[in-house]
Amino acid sequence: MSYNTDLNNNKEFKYWRRRTLYSIMIGYGAFYLVRQNFALAIPFICLELNVTKVDIGLIMSIGGLLYGLGKFLFGLLGDKYSARYVMAIGLLISGILNILIGISSIFPIIAVLYALNQTVQAMGAPPCVKLMKHWYSVNEMGRVWSIWTMASHISTAIITFYFPVILLHYGWKAMFYMPGILAILLAIIIFNRLTDTPEELGFSFVKLNNNEMNTNNKHSLIETIKLVIKNKNVLCVSFAAFFVYINRMTFLNWGPTLLKEYRNSSNIGIGYQMALFEISGIVGALAAGYISDKLFNGRRAPVGVMSMFLLAIINIIFRFIPKESAVLNSVCMLIIGFLISATVILVSVSATDFVDKKVAASANGFTGTLCYIGTAVAGLGNGYLAEHYGWNSVVLLTILSALSGGVLLCTLWNKQPVEK
């Protein structure tokens, strides 16, 4: 059975779009439950296992590189194979690896398991990107993408908010095996709920904003790689994303440790401040998606430029406010979370805006590789800077990175998505 009808008049198609969106939100959120728990456990791993910040930074950098390379690899595979299988299998393995981390007390083993976990974590985003590009039009992508990314913020906020409770009653190891068990259960659920393309359900041609969507033809692997790496706009977005992720991962991975040692926050204060960081990130992502869709007609760069320059300013303020002020620290973390998330969503959507939907996951994966080279810099680089020069030097790095990313995005100010 095939359909040739307008999107707004097809209730069955709209049902499957909603089902696909909430399913990938559940799945993507689950990935973060078994990913961001490591950042919360860092201070306790360092204390109990006698590990230095440089050691932690090294494995974070290795894990970041593996994740970045994995995003490109799984992006290529995601464009050619079932997003449903890729996502469910990745989440299942990640859950198992977290359980193994939770029962281990030897740091080299934890480091290896962490690196493996970061690799399979790369199986989360590319399938989601593929599904969104097949089920939604370019004029909807900013808003849909921002709604999807809410899952990561909600999951991180939940695990951060409950971190003091889990720590108090069960210890830091429970931060791994409890989310690990939950991830395994959620992997089974999303495998049951997901489907790959409209064609699988009989929607042969569906009009999206007067653009016919047909997903039957696929590029070869070599053609896909060429379409991505020879696209100047994708390259520019990817290098901007490198600087964006230095900021993001500084606060996401080092945030709890930075707040504890640099801002003198208590364990409860860390939990609340990191939760504020994530909650404001939801608002930032939604605002950026809506503004870029509605006010800038699908152009993402203008909002990204403003966000990055404002981020540099708030990072300067964060460096000089009194350490003892829990209120000012909380306000800064709230604004930083808003601006970082706003920019993250814009560089992610832009990477897919500048290619056709048949290579969307690959473009997102390539950008992800540059993102997680930035993560590697934020990992080992920040660990070394904090250990030898103090946290002021780490905050200075975030300021310079925000300015650099903003300058790069300026070159894309007038660029429109290819479907326009």
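Just so you know, all these numbers are worked out from the coordinates, no wet-lab data involved. Here the structure is a predicted model, which means the values were calculated and not measured. Don't worry about glycine lacking a Cβ; one is built from the backbone with ideal geometry, like all the others, and counts go over all protein chains shown.
Charged neighbours of ASN315, selected by a Cβ distance under 14 Å, balance to +3 (K, R count +1; D, E count -1). Stokes-Einstein, applied to the Kirkwood radius of region 1-141 over Cα pairs at a viscosity of 1.306 mPa s and 10 °C, places its translational diffusion at 94 µm² s⁻¹. Computed packing ranks the peptides 166-175, 142-151 as 142-151, 166-175, most packed first, by mean other Cβ atoms within 10 Å.
The residues packed around ILE56, meaning those with a beta-carbon under 15 Å from its beta-carbon, carry a net charge of -2 if Lys and Arg are +1 and Asp and Glu are -1. Simple rule: put +1 on each Lys or Arg Cβ and -1 on each Asp or Glu Cβ in region 231-361, find the dipole, and look at ASN329, VAL349, ILE246; the Cα lying farthest toward the positive end is VAL349. Of the lysine pairs in region 289-420, how many meet both conditions: Cα atoms under 27 Å apart, and a spacing of 8 or more in sequence or different chains? Lysine pair count for region 289-420: 8. What you get for the chain, charging only the Cβ of Lys and Arg (+1) and of Asp and Glu (-1), is a dipole of about 560 debye around the Cα centre. With a simple spin-label model that places each label point 7 Å from the Cα along the Cα-to-Cβ direction, the separation between LEU185 and ILE106 comes to 3.2 nm. By the combined test of axial Cα extent (at least 27 Å) and Kyte-Doolittle hydropathy (mean at least 0.5), the qualifying DSSP H helices of the chain come to 53-80, 83-102, 141-161, 174-193, 232-253, 267-294, 301-320, 326-353, 391-410. Projecting each Cα onto the charge dipole of region 7-410 (Lys/Arg +1, Asp/Glu -1 at the beta carbon, about the Cα centre), which of ALA157, PHE107, VAL129 comes out farthest on the positive side? Highest projection toward the positive end goes to VAL129. Sequence-distant contacts, meaning Cα pairs under 8 Å at least 6 residues apart, place the relative contact order of the chain at 29 percent.
Beyond 27 Å in Cα-Cα separation lie the following of the pairs LYS173/LYS260; LYS130/LYS260; LYS14/LYS230; LYS133/LYS173; LYS53/LYS130: LYS130/LYS260; LYS14/LYS230; LYS133/LYS173; LYS53/LYS130.
Across region 252-368, the mean sequence separation of Cα contacts (distance under 8 Å, 6 or more residues apart), normalised by length, yields a relative contact order of 33 percent. For region 7-410, the mean projected area of the C-alpha convex hull, equal to one quarter of the hull surface, is 17.9 nm². Charged neighbours of VAL120, selected by a Cβ distance under 12 Å, balance to +2 (K, R count +1; D, E count -1).
Sorting check: for 371-379, 263-271, which peptide has the highest mean count of neighbouring beta carbons within 10 Å, and how do the rest follow? Intermediate values should be presented prior to the final figure.
On the way: 371-379: 26.0, 263-271: 18.2.
In decreasing order of mean packing, 371-379, 263-271 become 371-379, 263-271.
With Rh defined as the Kirkwood radius, the inverse of the mean 1/r over Cα pairs, the Rg/Rh of region 232-375 is 1.02.
Report, to one decimal in Å, the Kirkwood hydrodynamic radius for region 11-86 based on all distinct Cα pairs.
Working: mean 1/r = 0.0650 Å⁻¹.
The Cα-based Kirkwood calculation yields 15.4 Å.
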